[in-house]
Every structure is written in C-alpha cells, then in structure tokens.
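Worksheet for the structure shown next.
Nothing in this text is a laboratory measurement; each read-out follows from the coordinates by a stated rule. Quick caveat, the model's predicted, so the values are computed rather than measured. Heads up, the Cβs are rebuilt from the backbone with ideal geometry, glycines too, and the neighbour counts pull from every protein chain shown.
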C-alpha cells in the first residue's frame, strides 16, 4: 500500500470525509483491520479563506507547494489536494514534488466520460465556476461545461462559505440548489458536478434526476485505486 499525503483542512468538514472514505475503501478491499497509510497536513481554513479573498494565489501556490514537498519528504508516495478551488495552483504543486499528484479535475472528467455524459453543470465556489483552471480539464476531455447564471452562482458560492464549511446543512439551501440545478438541466445539462468538496454534504444523487458526480468521493476512491495498484 502506498502512503497517501493529504493537503486538507480546506475545509475540515470535507477533509474528514476524505479520510473516512479512503479508510473505508481500504478496509473493504483488504479486509480485517486494514486501514489507509496517511499523512495529513490540515490548515486553518480561516487563513486559506483570507488568501482567497485577497486574491493572493501566488501566496497560496508557495504555501501548498512547500507543504506538498514536506509530505513527500515525510514519506508520501502519492499527493491529494483535498479541495477543488485550490487546484488553481495545482501545476505549482506538481512542480514541487516527484511523486504522483492526483488531480481532482482529471478524476472527475474520467467519471463523467465513463458514464456517457458529455454536457454537465459545474457547481462550486465562485473561483471554480468562473475560472478556467478546472473547466479546462473537463473541456479538454471533450465535455461541455455549464455554470449557473446569476443570482444562482452567487447563492451557490455563499452557501458553501456561510454554511457548509461551518458545518451547517440547511434543508432550505438544498432546495435552492435543486432549483438552480433544474434550471441548468432545462438548458441542456445531462449531469451535475459537485465541484466543491463540501457540496456532497448537502446534495446527493438521490436528490437529482440526472447523474451526480461527487468530487470528494470520486477523488478518494481514485486515491485508493492508486495506493493499492
């Protein structure tokens, strides 16, 4: 089993889901008392949020690249960045390490392609929805990517920061998400990407009438595949 290094705490609400999903998958596959071999660097999310708000992506790049290298030095043989948004600096992280970096966008694109869907709605933070760092990975795989119109886009972003990363799961917000999703399905979306690792705390495939791609679960499963290969 390869040792997995996790850059987490962005937020810890979803990062603990990474640890749970990875450990449960290892136990299912190996049986008995088996669990994952993990090294975790967990951040104070208030610091990460401040970096995002002041648009200091160079600072984010230096921080995460340095810590990814530290995980490798500590024995990590595979690195995961446990957030969609911070994949904006994924290339700099990859440049700082020599072990594999499992990009969440590539994992998600693979899942969408395997399901036969070619047109998806992308939900996430404003940084993920409006930037091209994530969409380009999907579009490069031949997938059409739609993002919500306003005011749905702001609502989706605000629910993530004002509720989900603070551990608040509000049924009324789930309803608002589902209304926004229905609008995008009406525009042609054949599936929905939960492109923020906290979104699947709020919305599940049972809530939707089209395929749902929960990026935390997909990323965690791909990590176990790589660790046990």
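Computed values, structure above
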item	result
Alpha-carbon centroid distance for the pair region 74-120 / region 189-211, whole angstrom	19
Least to most buried among 130, 163 (fewest other Cβ within 10 Å first)	130, 163
Degrees separating the helix 104-114 axis from the principal Cα axis of the chain, which is the longest one	60
Listed peptides 199-205, 165-171, 37-43 by packing density, highest first (mean Cβ within 10 Å)	199-205, 37-43, 165-171
Over region 1-121, relative contact order from alpha-carbon pairs under 8 Å, at least 6 apart, %	31
Relative contact order for region 104-214, counting Cα pairs under 8 Å that sit 6 or more residues apart, in percent	33
Value of D in µm² per second that Stokes-Einstein yields for region 104-214, Kirkwood Rh from Cα pairs, at 20 °C (1.002 mPa s)	156
47, 67 arranged by Cβ crowding within 10 Å, fewest neighbours leading	47, 67
R0 of 45 Å, Cβ-Cβ distance residue 226-residue 187: FRET efficiency to nearest 0.05	0.80
Sorted by Cβ neighbour density within 10 Å, fewest at the top, the residues 161, 134	161, 134
Principal-axis tilt of helix 57-73 within the chain, Cα atoms, nearest 10 degrees	40
The chain: relative contact order in percent, alpha carbon pairs under 8 Å with at least 6 residues between	25
Nearest-ten-degree value, helix 171-187 long axis tilted from longest Cα axis of the chain	70
Antiparallel DSSP beta bridges within region 104-214, percent to nearest 5	0
